Amino acid sequence: MSRRSARGQSIPKTEALFLHSLSGERLHIRAKQLYQVGWTLNAIGEALDPPKGRSTVKAWIDRLDQVSPHNVDVPIDFPRLRTPEGGYQRLTPKSPGVPKDIADRLRDIAPLAKNYRSGMAVSHPASLANEEMDQLTRELKDNDVSIADIARAANVTHRAIARRLSKND
């Protein structure tokens, strides 16, 4: 199950005052309880005096064994969680990835296509590789493959693929 967190919210003043009264393991346990109910590491660290970094709070939490957020003397204020119960909904379709045979071909022709210049003969190997690479990247993009996946398969930068696709629009 993924943890739902209260991004951009500060811990209530009453909780911050309570945290100031704690020290040692009791403070670490309370930090873990706050984290388990949805408070961010940053919010917990900023509520302390002096403020602690996220990495410090994370180290405290990771060091502790099982701590229940419900076994507490003082009740915990729950954050307002804006994330829906099912989690975030993806706005873009998940990339199906680049098939292995096409990835191998992209990796082979990318160095040649990189050397292409506009004045080259149509029959030049770099010109042919450039044309094939353009065609393969267009087909992959039309099939909802992400630019990052295409770039990884061709062993080139993300920007190189984005630029190649934009010139063909």
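The values are calculated or read from the model by the stated rules, or taken from the named source; none is laboratory data. Predicted, not measured: the structure shown is a model, and the values here were computed from it. Here the Cβ is made from the backbone with ideal geometry for all residues, glycine too, and neighbour counts use every protein chain on show.
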Of all residues in the range 93-108, how many are over 14 Å from residue 164 (Cα atoms), surrounded by 13 or more Cβ atoms within 10 Å (Cβ to Cβ) and touching a residue at least 12 places away in the same chain (Cβ under 8 Å)?
-> 7
Do you know which residues across the range 16-41 are under 28 Å from the mean Cα position of the chain (by Cα) and surrounded by fewer than 17 Cβ atoms within 10 Å (Cβ to Cβ)?
-> 36
Subset of the range 42-60 [β-branched (Val, Ile, Thr) and surrounded by 17 or more Cβ atoms within 10 Å (Cβ to Cβ)] | 44, 57
In the set 153, 162, the lone residue that is surrounded by fewer than 17 Cβ atoms within 10 Å (Cβ to Cβ) and either in a helix (DSSP H, G or I) or among the aliphatic types (A, V, I, L, M) (or both) is 162
Selection over the range 134-150 where residues are surrounded by fewer than 16 Cβ atoms within 10 Å (Cβ to Cβ), in a helix (DSSP H, G or I) and not hydrophobic (A, V, I, L, M, F, W, C) yields a count of 4
Per the list (1) basic (Lys, Arg); (2) at pLDDT below 90; (3) not in a loop (DSSP other than H, G, I, E, B), residue check on residue 82 breaks on (3)
